[in-house]
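Visitor: I have a structure I would like to understand better, so I am pasting it below and will then ask my questions one at a time.
The values are calculated or read from the model by the stated rules, or taken from the named source; none is laboratory data. Given the structure is predicted, the values throughout are model-derived calculations rather than measurements. Here the Cβ positions follow ideal geometry from the backbone for every residue, glycine too, while neighbour counts run over all protein chains shown.
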Amino acid sequence: MVENIIWPAYFDAELSRSEGRRVPKAMAVADPTPEEIAEAVKQVGYDATIEPDLAYPRQSRDRTGRVAVANADDAGKSDLLQAVAAYVQALRD
């Protein structure tokens, strides 16, 4: 089993790529939450577990948590992030 870790910073429109954003700015949203990301991961078809009270290494001040994605071995992480970003945007609309 492969487990991918997804941090909310990957989808944060207020961050630059060097600060941790990993999706295009057009796909990013303001202040994404681990709960939104976990819901989007489930919509994509994978199991998600929220790991609360953890801080993204590049931003150690915010302890927002992260999402662990299980059974995502058939998709590359970049593809997974793109799909999750699209669902996070859809959840916001």
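Visitor: Residues to consider are Val84, Val67, Val41, Val88; find the one that is surrounded by 15 or more Cβ atoms within 10 Å (Cβ to Cβ), not charged (D, E, K, R) and not in a helix (DSSP H, G or I).
Guide: Details: Val84 fails: not in a helix (DSSP H, G or I); Val41 fails: not in a helix (DSSP H, G or I); Val88 fails: not in a helix (DSSP H, G or I).
Going through Val84, Val67, Val41, Val88 in turn, just one is surrounded by 15 or more Cβ atoms within 10 Å (Cβ to Cβ), not charged (D, E, K, R) and not in a helix (DSSP H, G or I): Val67.
Visitor: Taking segment 59-73 as the region of interest, how many residues are of a type in the set (Lys, Arg) and modelled with pLDDT under 80?
Guide: Quick first cut of segment 59-73, residues of a type in the set (Lys, Arg) only: 61, 63, 66.
From what is left, the residues that are modelled with pLDDT under 80 are 61.
Selection size over segment 59-73: 1.
Visitor: Moving to a separate point now. Mind listing just one residue for me: the one in segment 1-21 that is hydrophobic (A, V, I, L, M, F, W, C) and farther than 16 Å from Asp93 by Cβ and, of those, surrounded by the fewest Cβ atoms within 10 Å (Cβ to Cβ)?
Guide: Of the residues in segment 1-21, the ones hydrophobic (A, V, I, L, M, F, W, C) are 1-2, 5-7, 9, 11, 13, 15.
Filter once more, so that each one left must be farther than 16 Å from Asp93 by Cβ: 1-2, 5-7, 9, 15.
Working: Met1: 7, Val2: 11, Ile5: 13, Ile6: 24, Trp7: 22, Ala9: 21, Leu15: 19.
Top of the filtered list is Met1.
Visitor: From Glu35, Glu14, grab the single residue that is in a helix (DSSP H, G or I) and out of contact with any Leu (no Cβ under 8 Å at 6 or more places or on another chain). Walk me through it before giving the result.
Guide: Details: Glu14 fails: in a helix (DSSP H, G or I).
Testing whether each residue is in a helix (DSSP H, G or I) and out of contact with any Leu (no Cβ under 8 Å at 6 or more places or on another chain) leaves just Glu35.
Visitor: Answer yes if at least one residue in segment 22-38 is in contact with a strand residue (DSSP E or B) (Cβ under 9 Å, 6 or more places away or on another chain), in contact (Cβ under 8 Å) with a residue 40 or more places away in the chain, crowded, with 19+ Cβ neighbours inside 10 Å and of a type in the set (Asp, Glu), and no otherwise.
Guide: yes
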